[in-house]
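Structure first, commentary second.
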Amino acid sequence: MTHPELTMELVARLEVLIAEPIDAGVTPAGHRRVIPITGGRVDGPRVTGEVLGIGADWSVVRGDGVAAVTAKYLIRTDDGVVLTVTNTGAFTAPGIVTSPRIEAPEGPYAWLNDAVLIGTLVPLLDGARPRGVSLQFHQVRVK
């Protein structure tokens, strides 16, 4: 038996805006920073809407210098459905790949509850200051 071939399909592009990070100090896990999420936009072939101004990225810079991110926030779709996003990943060279999970109520977005998603993340800068992140979420499927 051979392994199936996989494909990726774009679900959405997100622009997530942030406020000034809150320095929570050095913990046993590393240097903790909490980055409030203030809003944003979601555009894509399968999900469109707004990132609500509630949530945060609870990042920690480990002893090896890698920043591990765990963001949790809400999206309100253009048709009024609220989705809960939990996105984890690590800032490593050469790129940033994340593992988003999206929780959806019963209805048109329920397929997201079981979807295998992969994301990419690029910082958005305002000069030298971060103003947010650009993300792309893709669904991994068997071809």
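Assess whether Leu83 counts as being closer than 23 Å to Pro36 by Cα, open to solvent by 70 Å² or more (accessible area, probe 1.4 Å) and of a type in the set (A, V, I, L, M, F, W, C). Criteria not met by Leu83. Would you confirm whether any residue within region 85-104 is out of contact with any His (no Cβ under 7 Å at 6 or more places or on another chain), farther than 17 Å from Gly44 by Cα and among the charged types (D, E, K, R)? Checked against the condition, which is being out of contact with any His (no Cβ under 7 Å at 6 or more places or on another chain), farther than 17 Å from Gly44 by Cα and among the charged types (D, E, K, R), region 85-104 yields at least one hit. Candidates in region 91-119 are the residues that are loosely packed, with under 15 Cβ neighbours inside 10 Å and at pLDDT below 95; of these, the one that is nearest to the chain's Cα centre (by Cα) is Val97. Taken over region 124-143, the residue count meeting the criterion of being surrounded by fewer than 12 Cβ atoms within 10 Å (Cβ to Cβ), in contact with a Leu (Cβ under 8 Å, 6 or more places away or on another chain) and either among the acidic types (Asp, Glu) or assigned to a strand (DSSP E or B) (or both) is 1.
Go through Thr88, Thr70 for me and flag whichever is at pLDDT 95 or above, touching a Phe, Trp or Tyr at 6+ places or on another chain (Cβ under 7 Å) and open to solvent by 50 Å² or more (accessible area, probe 1.4 Å). Walk me through it before giving the result.
Details: Thr88 fails: touching a Phe, Trp or Tyr at 6+ places or on another chain (Cβ under 7 Å).
The unique qualifying residue is Thr70.
On the stretch given as region 67-123, residues that are free of Cβ contacts under 8 Å to residues at least 12 places away in the same chain and aromatic (Phe, Trp, Tyr) total 1. Of the listed requirements (1) within 20 Å of Phe137 (Cα to Cα); (2) open to solvent by 40 Å² or more (accessible area, probe 1.4 Å); (3) not in a strand (DSSP E or B), Val47 misses just one: (2).
The values are calculated or read from the model by the stated rules, or taken from the named source; none is laboratory data. Quick caveat, the model's predicted, so the values are computed rather than measured. Note that we place each Cβ from the backbone using ideal geometry, even for glycine, and neighbour counts take in every protein chain shown. With ligands, DNA and RNA removed, areas are computed over all heavy atoms of the protein, side chains included. Shrake-Rupley method; radii C 1.70, N 1.55, O 1.52, S 1.80 Å.
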